[in-house]
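Right, one structure below, let's go through it.
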Amino acid sequence: MPSVATPTRGRSLRSTISSSGELRLELDTRDLAEPSGSEVVVAVEASPINPSDLGVLLGAVPPSALAQDGTGLVAPVPQAALAFYRDRLDKPLPVGNEGAGTVVAAGPDAEGMVGRRVAMFGGSMWADYRVADAGAVIELPENVSVVEGAALFINPLTALSMVETMRAEGHSALVHTAAASNLGLMLVRICAADGIGLVNIVRRAEQAELLRENGAVHVVDSSQPDFAERLTEAVRETGATLAFDAIGGGTLAGDILAAMERAQPPLPSYTPYGTTVPKQVYIYGSLDFSPTVIERRFGLTWGVGGYLLTNALGRLGAEAVERMRARVLAEATTTFASRYARTIGLAEMLDPEALAVFAQRSTGAKYLIDPSSDRPG
């Protein structure tokens, strides 16, 4: 565990899109106020780079467009995208949704937390220090390291929420795209343990092999010419009528709905409205920023919608959320373990070459940020 003195100043990575159409990334060093009440100051030691973080960090800007400008990076923002970013224009946004570290200072109502290792969620984690209320952090069990605790919110709770949503909406099996991701591997382990049918869609042969090595039964490669037939057969075998799509753009959501329709038993008599079995695809990611194309080949009993973790947790309710969090902590080093290709310091986030690598969001290239590795002083 790094030795950290009570801090007075700290760095925070900020992303700003100006109203003139420029993205700026920079490390902003500010004074830290002394914690009051039940506040704690966490020295951040590990924070994963998630796709949702990259959305805030880069917006619609490709990493290749970034150029050095003093101590930061700048790039033009496509003019067509500015309207989408209306509510963040000219506001330096802190980045980093989740992470873990050690409490190094606390207000008078939380002094007992000093020295504890904790995990937390809620933004501003790509920083040297994060101030939060003691009630918003989770103390890590002794057998869970800070690195293992850094990613115990977004991917684990998203994967569990998919299963909880499946049950709440009356489905019995799932389809998941971009399934070789860290989240996808967690979902494979959850569904295997809970006896849930899961169809995993990938885009490359090596991703399919990775999933099978990790126990996945139904794996379908969308790059193969017989993708539609294999997807239909996997859906038929599992009975999946609910899908979660991390890709977003292109025809995949419609392809899944079509496979769900084809997998149903033939109707006793013809109807132009298709089967009455509810079929639903939720889009929760944007690995492909192109338009979502739905070719209607599946009657009228279907739906496509967006899926956001915070909204899903609100729908599922406090009891379900507490159950999910307890499971995540209990299985932090097994079901919900994350793998990282590399650990970098906070300043390296402003290295265009490093950004180009982790912004590809490719399988097996998940990065972890450790601000303590290059923290001044």
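The values are calculated or read from the model by the stated rules, or taken from the named source; none is laboratory data. In this text, all values refer to a predicted model and were calculated from it rather than measured experimentally. We place every Cβ from the backbone using ideal geometry, glycine too, and count neighbours over all the protein chains shown. These accessible areas exclude ligands, DNA and RNA; they are computed on the full protein's heavy atoms, side chains included. Shrake-Rupley method; radii C 1.70, N 1.55, O 1.52, S 1.80 Å.
Details
- Springs between Cα atoms under 10 Å define the GNM used for the chain, and in it the highest mean-square fluctuation of Ala234, Ala106, Ala320 occurs at Ala320.
- Taking the chain as a Gaussian network of alpha-carbon nodes connected by springs under 10 Å, the highest mean-square fluctuation of the residues Ala354, Ala46, Ala240 belongs to Ala354.
- Where Glu111, Glu98, Glu148 fall by accessible area, highest first, once all protein chains stay in place (1.4 Å): Glu111, Glu148, Glu98
- Protein-only accessible surface order, largest first, of Glu164, Glu34 at 1.4 Å: Glu34, Glu164
- Restricting region 272-377 to GluC sites (Glu not before Pro) in coil, as DSSP defines it, with at most 15 other Cβ within 10 Å: Glu295
- Rounded to the nearest 10 Å², the accessible area of Thr238 at probe 1.4 Å: 30 Å²
- Sites Glu34 and Arg88 - FRET efficiency at Förster radius 30 Å, r taken between beta-carbons, to 0.05: 0.50
- Farthest positive-ward along the chain dipole, Cα basis, beta-carbon charges - from His176, Ala356, Pro92: His176
- With at most 14 neighbouring Cβ atoms within 10 Å, loop trypsin sites (Lys or Arg not before Pro) (DSSP) excluded, longest segment of the chain: 1-203
- Remark: accessible surface ordering of Phe298, Phe121 (largest first) is Phe121, Phe298, probe radius 1.4 Å.
- Proximal charge balance of Val41 [Cβ under 11 Å; K/R count +1, D/E count -1]: -2
- Where the chain is the region considered: accessible area per residue in Å², 1.4 Å probe: 45 Å²
- Only the Cβ atoms of Lys and Arg (+1) and of Asp and Glu (-1) were treated as charged; on that basis the dipole of the chain about its Cα centre amounts to roughly 640 debye.
- With 5 Å bins beginning at zero, the pair-distance distribution over Cα atoms of region 133-292 amounts to 2, 8, 17, 20, 20, 13, 9, 5, 4, 2, 1, 1, 0 %.
- Portion, in percent, of the accessible area of region 191-287 that falls on carbon or sulfur, probe 1.4 Å: 53 percent
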